[in-house]
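Some notes on the structure that comes next.
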Amino acid sequence: MAQTSHDASLDLTLDAAALTAQLVDFPSPSGDEKALADAIETALRRLPHLTVDRYGNNVVARTNLGRAERVILAGHIDTVPIADNVPSRLDEDGVLWGCGTCDMKSGVAVQLRIAQTVTEPNRDLTFVFYDNEEVAAHLNGLGHVAEAHPDWLAGDFAILLEPTDNQVEGGCQGTLRVLLKTKGTRAHSARAWMGSNAVHKAAPILAKLAAYEPRTPVVDGLRFHEGLNAVRVEGGVATNVIPDECTVVVNFRYAPDRTEDEAVAFVRDYFADCEIDEFVIDDHTGAARPGLDHPAAAAFMAAVGGEAKPKFGWTDVSRFSALGVPAVNYSPGNPLLAHKVDERVKASLIPEAEKRLSAWLTS
Ligand SMILES: [Zn+2]
């Protein structure tokens, strides 16, 4: 890991692109966010219009102006491991390079700039900065805050500043992973008729998967695109043995008009005519509706312009959705550049995002 020198404070008066560079030069791979959380907390405590709370390496700052609506701006402060791409570098074409430039310190910079500059917002504001988003779900700081202090996350509408190229991406698809296991009887392959082949027994499952036709429902005005796929097949004992077990690992990515229970029911039902010996739910995180029909969301869309798109991947908007807060993704990073060694962001898009959010929150 590149060891960088940084002074231990953040300057929220910098423009959003320069502040992004400062955040990137504050390395914070997952599990190592304390120094950055400290710096964010210190910077926010200097702002008299905010009350600041902290839980672990998660910082929540709020205005309390008694406005009719409350909007949440949330972002994770961790990055994937640094790949010799810190400190940041601004090139002659106005592109800022470095770990976290896209995912999602440019978004965090926008949050901090709004915190600094929008002192009398037309809606009450909650800023959430959390750790451990890029690792296992049980470590996720937003999840920890939701569990310990759900009142800190109360709101009418949330914007998660995950990379979207300054396009609004609404909701997210759910993801369900199931193990479909078939059982047979082991035997020497020279006397195959003494056994029964569990891999062959999985053939109808694969045939059903190959024949699957995705549903593309419109939910709250956005067209989603489901997917049902085998992502792994496990089976076989040795090259002279009839296998007695086979597992087809299936990933179902589903649109937010299904609940978690309905998603499981769909998969069970879809394979109902296959002979499956064991059906195991291996992993499951629900979908989130885009919530673009909410008045705050509609006003947000009008202010930022463009057309909303659906989010196909899973993001923490789903955690807000579970708390009853509709949420969208919006920030300057290009999602295709997230987690890459050559991660970068077009610097001019960062103050642009700030300007649009600020206009929505002050008009
Ligand atoms: Zn991210």
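Things worth noting here:
- Cα-derived Rg to Rh of the range 58-102, Kirkwood definition: 1.20
- Taking the DSSP bridge list for the chain and keeping only pairs wholly inside it, about 75 percent are antiparallel.
- Rounded to the nearest 20 debye, the dipole magnitude of the range 174-285 is 480 debye, with +1 charges on Lys and Arg beta carbons, -1 on Asp and Glu beta carbons, and the Cα centre as origin.
- Amide H partners (placed H, <5 Å) of A327, local residues excluded: A158, G171
- Reported value for the range 257-363: 152 Å³ per residue, from the convex hull of its C-alpha atoms.
- Principal semi-axes in Å for the range 116-159 [√(5λ), Cα gyration tensor, largest first]: 24, 12, 8
- Residue among V317, V341, A238 farthest towards the positive dipole end of the chain, charges placed on Cβ: A238
- Reach of K34 by Cα under 19 Å, taken over aspartates and glutamates that are not fewer than 8 positions away in the same chain: D7, D11, D25, D53, D78, D103, D131, E133, E134
- Dipole-positive endmost among A187, P27, A83 within the chain (Cβ charges, Cα centre): A187
- Computed over the chain, the alpha-carbon pair-distance distribution with 10 angstrom bins reads 5, 23, 28, 20, 12, 8, 3, 1, 0, each value a whole percent.
- About its Cα centre, the dipole of the chain is roughly 500 debye, where the only charges are +1 on Lys and Arg Cβ and -1 on Asp and Glu Cβ.
- Average projection area in nm² (convex hull over Cα atoms of the range 76-214, one quarter of hull surface): 16.4
- Derived from the Cα gyration tensor, the three semi-axes of the equivalent ellipsoid of the range 132-222 are 46, 21, 11 Å, largest first.
- Over 32 Å (Cα to Cα) - which of K208/K346; K183/K309; K311/K355; K183/K340; K181/K309 fall in this group: K208/K346; K183/K309; K183/K340; K181/K309
- Computed per residue of the chain from DSSP H runs no shorter than four, each worth -39500 (n - 2.57), the mean residue ellipticity at 222 nm is -7500 deg cm²/dmol.
- Options G66, Y330, A115, ranked by Cα towards positive dipole end of the chain, top entry (Cβ charges): Y330
- Cα-based Rg / Dmax (Å) for the range 174-285: 16.4, 59
- Values of log10 I(q)/I(0), in the order q = 0.19, 0.21, 0.22 Å⁻¹, for the range 1-142 under a Debye, Cα-only, solvent-free model: -1.09, -1.29, -1.39
Since every read-out is calculated from the coordinates, none of them should be taken as a lab result. This structure is a prediction, so every number in the text was calculated from the model and none was measured. Reconstructed Cβ throughout: ideal geometry from the backbone, glycine too, with neighbour counts over all protein chains shown.
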